[in-house]
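Here is the structure we will look at, set down as structure tokens.
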């Protein structure tokens, strides 16, 4: 599977196969994971002197089942950005908030690992990388704050929580 004029290694392809779900732009256009990566690369290469942040965040909501929406945000700092999202629906409703938050974070970490790995193959791309989690020091999730922060940092990522976690609490939330 070629990406950016190069063939992806087999182990990378196996990661991609887990994400055959469609991603969507805010305008409703659908993208495969490979197409999404190409869009991200083109966006950064269009103005490579700017500062970029790649942000991954997931939010969830219960509607008979539990819907998880993950967002990939490409922020050209001070100059706007783009985002893509995808929805994964569980067969059963996850009622326990703690379990749902952990699932959100695990989905973000898996997606973040794959996106970071794939984008890092192009050594000319320069960007910062963050995982945004839908928890904060207020509300029901405050008791989980330190363990979730530790989990994300322990996975090697910069973490943002509410109110700075707009990738999860604003972008992904918009589509749950």
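The slack in the chain from residue 38 to residue 96, taken as 0.36 nm per residue of separation less the alpha-carbon distance, amounts to 17.2 nm. In terms of its C-alpha gyration tensor, the range 27-105 has a prolate overall shape, because the principal axis ratio a/c (a ≥ b ≥ c, square roots of the eigenvalues) is not below 1.5 and a/b outweighs b/c.
In nm, what is the difference between 0.36 nm times the number of residues separating residue 27 and residue 47 and their Cα-Cα distance?
Fully extending the segment from residue 27 to residue 47 adds 5.0 nm.
Modelled spin labels at residue 113 and residue 88, positioned 7 Å past Cα toward Cβ, are 1.2 nm from each other.
Taking the DSSP beta bridges with both ends in the chain, the antiparallel portion is around 75 percent. With 0.36 nm allotted per residue and the present C-alpha distance subtracted, the residue 121-residue 149 stretch has 7.4 nm of extension available.
Arrange the following residues from fewest to most other Cβ atoms within 10 Å of their Cβ: 58, 89. Show your work: numbers first, answer last.
Working: 58 31, 89 12.
Listed from fewest to most nearby Cβ atoms, that is 89, 58.
The distance linking the range 114-131 with the range 132-170 is 21 Å (Cα centroid to Cα centroid, whole angstrom). For the peptides 93-106, 159-172, the ranking by mean Cβ contacts within 10 Å, running from highest to lowest, is 159-172, 93-106.
Readers should treat all values here as calculations from the given coordinates under stated rules, not as data from a laboratory. Keep in mind that this is a model prediction, so the values were computed, not measured. Note that each Cβ is placed from the backbone with ideal geometry, even for glycine, and that neighbours are counted across all protein chains shown.
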